[in-house]
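Take a look at the structure below.
We did not get these values from a lab; they are worked out from the coordinates using the rules stated. This one's a predicted model, so the numbers in the text were calculated from it and none came from an experiment. No Cβ is skipped: glycine too gets one built from the backbone with ideal geometry, and neighbour counts run over all protein chains shown.
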Amino acid sequence: MEPVHKPNKRMPVSAMLDPRIVVPAIGAAFTKLDPRSMIKNPVMFVVEIVAALTTVIFVRDLLTGGENLAFTFQIILWLWFTVLFANLAEAVAEGRGKAQAETLRKTRTESQAKLLSGASRDFKLVSGTSLKVGDLVLVEAGDTIPSDGEVIEGVASVNEAAITGESAPVIRESGGDRSAVTGGTQVLSDWIRVRITAAQGSTFIDRMIKLVEGAERQKTPNEIALNILLAGLTIIFVFATVTIPSYAAYAGGSISVIVLVALFVTLIPTTIGALLSAIGIAGMDRLVRFNVLAMSGRAVEAAGDVDTLLLDKTGTITLGNRQATAFRPVRGVTEQELADAAQLASLADETPEGRSIVVLAKEKYGIRGRDMAELGATFIPFTAQTRMSGVDAGGSSVRKGAVDAMLNYVGGGAPTAVASGNVARAMQPAALSELGREIQAIADDVSKSGGTPLAVARDGKLLGIVQLKDIVKGGIRERFAELRRMGIRTIMITGDNPMTAAAIAAEAGVDDFLAQATPEDKLKLIRDEQAKGKLVAMCGDGTNDAPALAQADVGVAMNTGTQAAREAGNMVDLDSNPTKLIEVVEIGKQLLMTRGALTTFSIANDVAKYFAIIPAMFLAFYPQLSVLNVMNLSSPQSAILSAIIFNALIIIGLIPLALKGVAYRAVGAGALLRRNLLIYGLGGIVIPFIGIKAIDLVVTALHLA
Amino acid sequence: MTVIGWFQIFLYCAIVVALTKPLGWYMTRVFNGERTFLSPVLRPIEAGIYWISGVDEKREQHWLTYTVAMLLFHVGGFLIIYSLMRLQAVLPFNPAGQSAVAEDLSFNTAISFITNTNWQNYGGESTLSYLTQMVGLTHQNFLSAATGIVLAVALIRGFARASMRTVGNFWVDVTRCTLYILLPICVVFALFLVWQGMPQTLGAYVEATTLEGAKQTIAVGPVASQVAIKMLGTNGGGFFNANAAHPFENPTALSNFVQMLSIFVLGAALTNVFGRMVGNQRQGWAILAVMGLLFVAGVGVCYWAEAQGTSTMHALGLTGGNMEGKEVRFGIVASSLFAVITTAASCGAVNAMHDSFTALGGMIPLINMQLGEIIVGGVGAGMYGMLLFVILAIFVAGLMVGRTPEYVGKKIEAREVKMAMLAILVLPLMILGWTAVGVVYPAAVASMANAGPHGFTEVLYAFTSGTANNGSAFAGLTGNTFFYNLTLASAMFVGRFFMIVPAMAIAGSLAAKKSIPPSMGTFPTTGGLFVGLVVGVILIMGGLTFFPALALGPIVEQLAMNAGNLF
């Protein structure tokens, strides 16, 4: 099975014009001629109507014998091409989604469900489709989870490749933040008891299918506004063209319907009208290829507008785990000694912190790994009560732990120090407190720099502090700088104390931080930002993140998160990578920019079209107007034909841009606008002059007009 | 073209710009209800007006209430003018014994004055009594101007406010605008005009005996008082038929210059009011820059075309520029400048006959009006018209920075775009639609004075002037016919109110929105890029709409003229 494609931000043009997508799209372009589907796109619907009307007139003229039939026929042909090209653009955009939906559908096999009644493990086999919300089912190794649900008992490894494309199994367990399971995924080991949370037809995979197919695509707010603008422009050009026959009659001439239609269709914004829905679909598709599912197009658009980004420290800004970065001994102890003791205490410690101490000791002081069995050591594990761990070996004991716990331990003459009691007894109370103060001072210093201190003692004597530090992810500082240039403020959310938080915030380069954050604090922060008129994006996975996810304008839920979080967010990140929020924002911006660029281009195009058609139109009775024929087009008929051919071909020419999107650069709005205005505004004025002239040369050479 | 000519144009622009800031500061205080240096005198009168009319000045209105109040106010204004014109024969202050004005002409004139158009299908001194001029027309000159200004202020408040349901109180705004802004300036201005030699009397027309011994009636009247508000309020309805070309309505070169200034000052100052109210004066200057660029370009073309003259005249030995239809006292520069100003703003007063301009020179006034009179524009109307274009420009190009377009902290969304589009649709509908009827309907065609493209331009100009509420005429067309009285009235009405209601809807919708603080991601609307963008959108959108009509009118006429064909 070929699952959802892995992240691939920019699709090469060649992939877009893949015949497997283009060929069915050509067929779809014809079926989309159905007026019931065309009416959703007002501009192209108008073109279809005039194409149909002129066709009727043409047939009538054909029967009664009219003039210029060959010319009329060509114009009509290109009118239909204009409509078909628009449909083709949409069909190609939908094509990719369709292929993905097919793959997804295969995973939604008809499965049997083991419906439980009560708390016992007795079940009866029912069809997966008959499950209702609230039903309890048992899923055992090898079973496919029948529908979306929440694990209420048990723990199991689950293969979620069907939705994430990641074949490594993930753990799903009751309680905590990893309790959501998705219908269509498969349990590999153990068993779980699941409460069904979605009925058939509205499961996660169902929604995904609809989303990628674009079946439930609703127009986004910006799209609606843009459609109004385009409809308005169309009406303006209706006035501009329907009044012309009367003006011509006054001047003693007449204008044929087909010429008026040609002027009208070239003037109305067909370029953007044709590509508008393709741009929207492609935007959603870009997210999907990025393994992010947006529940609505509105969310994608909102992503482009985001002003404030809330990012969790752990996993987003810093690597998930703290790492040892320095050994800081007390006076009279060498770093080497401290490192040796710390390494010994951490040998059997499998936590990432413990391993990082061993690694640091080796890298910095060349202390080799030792074998616990050889030393005859016993491991004293960490407990919540002692808040320390260590090793007892060869009559010596080494401990490491939280500073206050360790101070307590050495001060109170801990019971494990019996073997080396002589050392402990030799300590004077005054000396102890002096040592304690020194340790405390080092610990404070470490805290201030954003680290976490870990005290180490051998045989009841404090040797010093291991400095653990949050490691800020490589390159994240540059990302934040880039966000700042985009106009986005980043706020780091952390449970750390303010001192540590401030240090990490400064190191990572975030604009602000919220320390010792509770879920309520998070929610309040979002509300405060929104009250200032800002749009807020955040990501989260826990159930306690759900209110904040729902409140945020863009809430990206991690796929590994709880069902509550996934319901609350308006996007789901299948890879559960919180850093992706930044790319999501970029994709949103790209979507808006592409629309703006093509709208500007489309409107700017009209200048050249006027210069092509107006002189051609009035030449018969006002020959002076030929000075407006700046392109020096060979004849009135070829001028009109060239303009309408250009108008149709530019749609095809711009499909790749519509699908790929205009590249976003974080260079500040002013610079971005200047660049885009130059390309799409000025370019939009100049290109059609060249294009129409070139087509005119071809048309004349082929004697088409 | 001469250096002194360009200097005059430069001096004009410089003075307008210099007046913008102080006047903007004063007007902002007035509309914020703050104390001004005139408060000791005017505040009791203001309070008295509220007390008599039962207006609670503290109570603000929703945009809809505001608009309805404004519309009711105009129904009243219409009834007053219409009845005065129909009944003037039996009312006092009628020394010239003018008879009742015909029904269709009264209707047209009443609409014309309540819409701040002042299109005149009548000759002032030969049709109207002093009472009609003073009570009927002058009061609307004040109130239609005040209405325009307060509507612009309401829209500005929409941009400036955040999360509010109200946009101000119409009655309070109109009262304050009239009392604190229009009246004081007019009093000073009228006295200045009298000093320059303008009549101000309620006496009868003067009988004079000419050198040949013939009897001549010289029309006089309360001219100065009416001319002051005619210019300041961009009304443009002349006391005399010849308007500002008449020696009594424009006695000196200085009065001509100051009258031109008075057309622009309030409109220009409103850009500063906008900047102040939205909290950044540079926003206002940017808008003024857009207007200024379009204005200077228009003046340049018009002055060049007039100074160039025509090849036909040159062939007859008449060298130099085109002086046909121009007052020799003012000459080419002052006439071209006046023509561009009066059509850029919706004033419509004229000191030369636009009909006699070269085709190209006459096209500039036409384009100024077709763009919606947003180059400074009618007092207030220019500002809200410009803001509608800004909304569209921001929406089209603003998306290109990758955000929902914002302007001065307000998101431009579907509702604003819809309303702006509705308002802008009015221009092609009325101008192109009625022109299409006017050039083929036999009864209308009979009104044309010239054939060919020139006749076409006359009709196009009339409907353009009416729809844009300008009121200047491309003389030549006989406007006082049943057809033109009614069609022009409809163009004026739709052109005014179908623009106002959507603009007010935008005000209401914007006021209710949150205000977004600017960031690196918001594109700056104070720089040259923004100015260029708005100018481009105005020219492309406006130009594209009217290009076919212009091609068949002035453009083809100019081309034919160059080839020696006149119409």
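Check each of the GluC sites (Glu not before Pro) in the stretch B:194-261 and keep only those in coil by DSSP with at most 15 other C-beta atoms within 10 angstrom; list them in order.
B:212
Measure off 7 Å from each Cα along the Cα-to-Cβ vector at residue A:516 and residue B:14, then give the distance between these two points in nanometres to one decimal.
Between residue A:516 and residue B:14, the simple spin-label model gives 6.6 nm.
What list do you get for A:219, B:326 if you sort them by fewest beta carbons within 10 Å?
A:219, B:326
Checking the a/c ratio against 1.5 first, then a/b against b/c, what shape does the Cα gyration tensor give for the protein assembly as shown? Mind showing how you got there, number by number?
Details: a/c = 2.86, a/b = 1.89, b/c = 1.51.
Prolate shape, in that a/c is at least 1.5 and a/b is the bigger ratio.
With everything on Cα atoms, drop me the angle between helix A:581-618 and the longest principal axis of chain A, reported from 0 to 90° to the nearest 10.
Its long axis makes an angle of about 10 degrees.
Got a sec? Charge dipole of the stretch A:27-146, +1 on Cβ for Lys and Arg, -1 for Asp and Glu; which of A:39, A:128, A:81 is way out at the positive end?
Ranked along the dipole, the leading option is A:128.
Using Cβ contacts closer than 10 Å as the measure, can you line up A:300, A:259, B:41, B:258 from fewest to most?
The order, fewest Cβ neighbours first, is B:41, B:258, A:259, A:300.
Quickly rank B:93-102, B:419-428 as a protection proxy: mean count of other C-beta atoms within 10 Å, highest first.
Packing proxy ranking, top to bottom: B:419-428, B:93-102.
In terms of Cα to Cα distance under 30 Å, which lysines are near enough to residue B:418, apart from those fewer than 8 places away along the same chain?
Partners within reach: A:32, A:40, A:219, A:532, A:534, A:589, A:609, A:660, B:410, B:513, B:514.
Give me the percent of DSSP beta bridges within chain A that run antiparallel, rounded to the nearest 5.
Given both bridge residues lie in chain A, the antiparallel proportion sits at roughly 75 percent.
Order these peptides, A:365-374, B:552-561, by their mean beta-carbon neighbour count within 10 angstrom, highest first.
Answer by packing, highest mean first, reads B:552-561, A:365-374.
Could you tell me whether the stretch B:453-567 comes out rounded, prolate or oblate from its Cα gyration tensor? Rule is a ≥ b ≥ c as square roots of the eigenvalues, rounded for a/c under 1.5, then prolate if a/b exceeds b/c, otherwise oblate.
oblate
What is the sum of charges around residue A:532, taking Lys and Arg as +1, Asp and Glu as -1, for the other residues whose C-beta is under 12 Å from the C-beta of residue A:532?
Surrounding charge for residue A:532 is +1.
Would you calculate the separation in nanometres between label points at residue B:514 and residue A:441, each defined as 7 Å from the Cα along the Cα-to-beta-carbon direction?
About 5.0 nm separates the two model spin labels.
Considering every residue in A:679-690, what mean count of other chain Cβ atoms within 10 Å of its Cβ is obtained?
Per residue, the average neighbour count from other chains is 1.
Order the peptides B:390-401, A:622-633 from the highest to the lowest mean number of other Cβ atoms within 10 Å of their residues.
Those peptides, ordered most packed to least, come out B:390-401, A:622-633.
Assigning unit charges at the beta carbon (Lys, Arg +1; Asp, Glu -1) and nothing else, what dipole magnitude in debye, to the nearest 20, does the protein assembly as shown show about its Cα centre?
That gives the protein assembly as shown a dipole magnitude of about 920 debye.
Nearest 0.05, what FRET efficiency do residue A:190 and residue A:405 give at R0 = 30 Å with Cβ-Cβ as r?
It comes to 0.25.
When Lys and Arg each count +1 and Asp and Glu each count -1, what net charge do the other residues less than 12 Å away from residue A:494, Cβ to Cβ, add up to?
Spelling it out: positives minus negatives among the neighbours equals -3.
Helix A:683-701 versus the longest principal axis of chain A: what angle, 0 to 90°, nearest 10, using Cα atoms?
Computed tilt is about 50 degrees.
Tell me what the protein assembly as shown gives for mean residue ellipticity at 222 nm when only DSSP H runs of n ≥ 4 count, each as -39,500 (n - 2.57), the sum divided by the residue total, rounded to 500 deg cm²/dmol.
It comes out at -18500 deg cm²/dmol, rounded to the nearest 500.
Expressed as an acute angle from 0 to 90° and rounded to the nearest 10, what is the orientation of the C-alpha long axis of helix A:42-64 relative to the principal long axis of chain A?
That works out to roughly 30 degrees.
Summing Lys, Arg as +1 and Asp, Glu as -1, what charge do residues with Cβ under 11 Å from the Cβ of residue A:319 carry, residue A:319 excluded?
Charge balance near residue A:319 sits at +3.
At q = 0.22 Å⁻¹, what base-10 log of I(q)/I(0) does the Debye formula yield for the stretch B:58-136 when every alpha carbon is treated as an equal point scatterer in vacuo?
For the requested q values the scattering log ratios are -0.93.
Fewest Cβ neighbours within 10 Å first, please rank B:177, B:13 accordingly.
If I rank by nearby Cβ atoms, fewest first, I get B:13, B:177.
Using 7 Å Cα-to-Cβ label points, what is the residue A:20/residue A:387 separation (nm, one decimal)?
Inter-label distance under the simple model: 5.8 nm.
Apply the a/c threshold of 1.5 to the C-alpha gyration tensor of chain B and tell me whether it is rounded, prolate or oblate.
Note, shape of chain B comes out oblate.
Just counting partner chain Cβ atoms within 10 Å, what average do the residues of peptide B:552-563 show around their Cβ? Display every interim value, and only then the final one.
Values: counts 12, 2, 0, 6, 9, 2, 1, 7, 4, 1, 2, 2.
If you average over the peptide's residues, the count of other-chain Cβ atoms is 4.
I need the calculated FRET efficiency for the pair residue B:296 and residue A:242, taking r as the beta carbon distance and R₀ as 41 Å, to the nearest 0.05.
Given R0 = 41 Å and the Cβ-Cβ separation, E is 0.70.
Looking only at other chains, what is the average number of their beta-carbon atoms within 10 angstrom of each beta-carbon in B:532-542?
That works out to 3 on average.
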